[in-house]
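Reading through the structure tokens given below for one structure.
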Amino acid sequence: MAIKSGRLGNVKMGVDLATAANLISINNWTLSLDTEKVEITCFLDVNRVYLPGMRDVSGGLGGFYNASELKLIGATDDDVPSYLVLIPDTTAAAAVYSGPAYLSCEIEVPVGGAPTVKGTFSAAGPWTLPTGA
Amino acid sequence: MPDSTAIDEALRQVLARDAALLALMPDGVWFDAAKPGCKHYVLLTLVSEEDVATFPGRREYEDALYRIHAVALDTSADTAAAAANRIDALLENVALVVAGYSWMTTHREGRVRATPEDPVDPSVHWQVIGGQYRVQMAPVWGVQDGD
């Protein structure tokens, strides 16, 4: 797949993959796949040595505050996880990152600009990555 | 489909239809350049414009900065100042109605004032008073636009 513009991105959210619908007024997302490293450095090693531990899945999404789209804000108080679908390119429907997540969010209202919303999430179960990842 | 130039025209119409402003500036309201011979008029210029996008790849709102000022061939600044005050009363925090758009904000970001000499007759001067106005409008996308 060629490199595509971020304008083709999207974020969907629901209680599961089947109900996930577009989150409107969002214009960016990030996904962190940070793998912890376990140090196993021993005598006679010439430098520190590590082994990979468990991968952590977390990230964020942001855009403009829209009174017609309060799912993100409501999810911050949910006892059950939401299901997120992070799409880098809507023309490549199969290449998405998705899974259950708990969310937090923050709203910013500047006097000189449009109000924005910024959410962060942490995995609440196994995430699915595109084939080949 | 939202038409961005409709915002320009709506802004001009708000000023052009006001009797109090026209009494001060009888030569009308013009975009970029007035017709020859005008001595008391209002001039609008689009200084800058930025479209801010959201997924799926279309603009969420249009952020425009207009320079709007009264121009008067006059030894006194009183008439131009009165017209600038009237412009401010008509625009500052007043909803702009444009088909296909939802209004977000209209506010002045800075004043404009100058007294340039006439390029033909340096013995006379123009009074230029007004401001730079920020206008933010959100397009309302319909079903036919893929919403």
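Values in this text are rule-based calculations from the coordinates and carry no lab data. Just so it is clear, the structure is predicted and the values come from calculations on it, not from any experiment. Neighbour counts run over all protein chains shown; Cβ positions are idealised from the backbone, glycine included.
Of everything in region A:1-22, what is at the interface with chain B (Cβ under 8 Å from one of its Cβ atoms) and touching a Phe, Trp or Tyr at 6+ places or on another chain (Cβ under 9 Å)? Give them in sequence order.
Of everything in region A:1-22, those that are at the interface with chain B (Cβ under 8 Å from one of its Cβ atoms) and touching a Phe, Trp or Tyr at 6+ places or on another chain (Cβ under 9 Å) turn out to be A:R7, A:L8, A:G9, A:N10, A:V11, A:N22.
Please work out which one of (1) more than 14 Å from every other protein chain (Cβ to nearest Cβ); (2) under 28 Å from A:C105 (Cα atoms) is the condition A:N47 fails and give its number.
It is condition (2) that A:N47 fails.
Can you say whether A:T116 is within 11 Å of chain B (Cβ to nearest Cβ) and within 13 Å of A:K12 (Cβ to Cβ), as far as the supplied structure shows?
When the stated conditions are applied, A:T116 does not pass them.
In region A:23-33, what count of residues is obtained for those that are touching a Leu at 6+ places or on another chain (Cβ under 8 Å), surrounded by 13 or more Cβ atoms within 10 Å (Cβ to Cβ) and within 14 Å of chain B (Cβ to nearest Cβ)?
Result for region A:23-33: 4.
Tell me, which strands (runs of 3 or more DSSP E) wholly within region A:34-133 include 2 or more residues that are touching a helix residue (DSSP H, G or I) at 6+ places or on another chain (Cβ under 6 Å) and surrounded by 11 or more Cβ atoms within 10 Å (Cβ to Cβ)?
In region A:34-133, A:97-108 are the strands (runs of 3 or more DSSP E) which contain 2 or more residues that are touching a helix residue (DSSP H, G or I) at 6+ places or on another chain (Cβ under 6 Å) and surrounded by 11 or more Cβ atoms within 10 Å (Cβ to Cβ).
Would you check if B:D3 is surrounded by fewer than 18 Cβ atoms within 10 Å (Cβ to Cβ), in contact (Cβ under 8 Å) with a residue 24 or more places away in the chain, in a loop (DSSP other than H, G, I, E, B) and not hydrophobic (A, V, I, L, M, F, W, C)?
Judged against the criteria, B:D3 is a match.
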